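A quick write-up on the structure given underneath.
The values are calculated or read from the model by the stated rules, or taken from the named source; none is laboratory data. Just so we're clear, the structure is a prediction, and the values are computed from it rather than from any experiment. As a convention, Cβ positions derive from the backbone with ideal geometry for all residues, glycine included, and neighbour counts pool all protein chains shown.
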């Protein structure tokens with residue numbers, strides 16, 4: 001199985017600033033994803049992080065707002081840019097391995113003031 | 001429209017009791033259905049996975065059932081423990097999605113009281 005770690009685990013940020021969340025997987029995975037989970041809501045896929053190329057974004061999410069990098073098979077970052085209070089949420093990194101099992105990180109709880 | 005609906009939204013039971021959580025989905029065709037447990041402040045952890053042809057899958061005190069004809073699944077928890085307090089999320093993966101898109105329910109928030 002894969003273990004996913006995220007940094008930071010939580011942060012409180014000012015409006016207009018940016019935050020970069022790091023995701024590290026302890027084993028090789030085929031796919032990596034970023035999700036957002038708002039209170040009482042289901043997980044929403046932001047994008048699929050592609051190694052060495054631009055991420056594939058879901059409808060409603062754009063690269064300028066959520067730039068994503070994946071320089072290698074086990075590491076990815078998500079940046080939340082020019083934050084507003086509406087961006088307050090939990091951001092989850094996820095990865096799928098060769099057995100098609102999907103794992104989730106512990107999440108980053110973001111509060112924007 | 002592909003959807004996953006879970007019920008109840010929340011549930012409180014006493015320690016040692018059994019409970020059943022429901023999941024109805026419209027995702028079709030579907031590849032597999034998973035139940036995840038999400039503790040507060042943690043990411044979801046997979047409990048069970050069932051493919052189209054499977055009717056039941058157990059993992060300790062957790063037993064999931066699937067009726068692909070009616071597009072319903074349930075998660076049965078026996079002899080509940082305080083540590084079972086968590087959100088339980090039903091997740092359906094459609095067949096043929098090149099990106100492996102998943103459809104998530106909103107979860108059932110289970111609270112086990114001593």
Per the filter on the range A:84-101, residues modelled with pLDDT of 90 or more and not in a strand (DSSP E or B) are A:84, A:85, A:86, A:87, A:88
When every residue in the range A:96-110 that is more than 7 Å from chain B (Cβ to nearest Cβ) and more than 17 Å from residue B:48 (Cα to Cα) is compared, the one surrounded by the most Cβ atoms within 10 Å (Cβ to Cβ) is A:108
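One line per residue, one yes/no per condition, for (1) more than 16 Å from residue A:106 (Cα to Cα); (2) at pLDDT 95 or above; (3) within 14 Å of chain B (Cβ to nearest Cβ); (4) part of a loop (DSSP other than H, G, I, E, B):
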position	(1), (2), (3), (4)
A:1	no, no, yes, yes
A:5	no, yes, yes, no
A:17	yes, yes, no, yes
A:20	no, yes, no, no
A:39	no, no, yes, yes
A:42	no, no, yes, yes
A:48	yes, no, yes, no
A:64	yes, yes, no, yes
A:82	yes, yes, no, yes
Flagged in the range A:52-62 as buried (at least 16 other Cβ atoms within 10 Å of the Cβ) and away from every other protein chain (no Cβ under 12 Å), in numbering order, are A:61
Apart from one, (1) surrounded by 15 or more Cβ atoms within 10 Å (Cβ to Cβ); (2) away from chain A (no Cβ under 12 Å); (3) within 17 Å of residue B:32 (Cβ to Cβ) all hold for residue B:89; the odd one out is (2)
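Show me the strands (runs of 3 or more DSSP E) found entirely inside the range B:1-112 where at least 1 residues are out of contact with any strand residue (DSSP E or B) (no Cβ under 7 Å at 6 or more places or on another chain). Spell out how you get there, then give the answer.
Values: elements: B:4-7, B:10-14, B:19-25, B:30-38, B:45-51, B:56-59, B:62-67, B:72-77, B:86-94.
Correct list: B:56-59, B:62-67.
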Going through (1) buried (at least 16 other Cβ atoms within 10 Å of the Cβ); (2) within 24 Å of residue A:106 (Cα to Cα); (3) at pLDDT 95 or above one by one, residue B:66 fails only at (2)
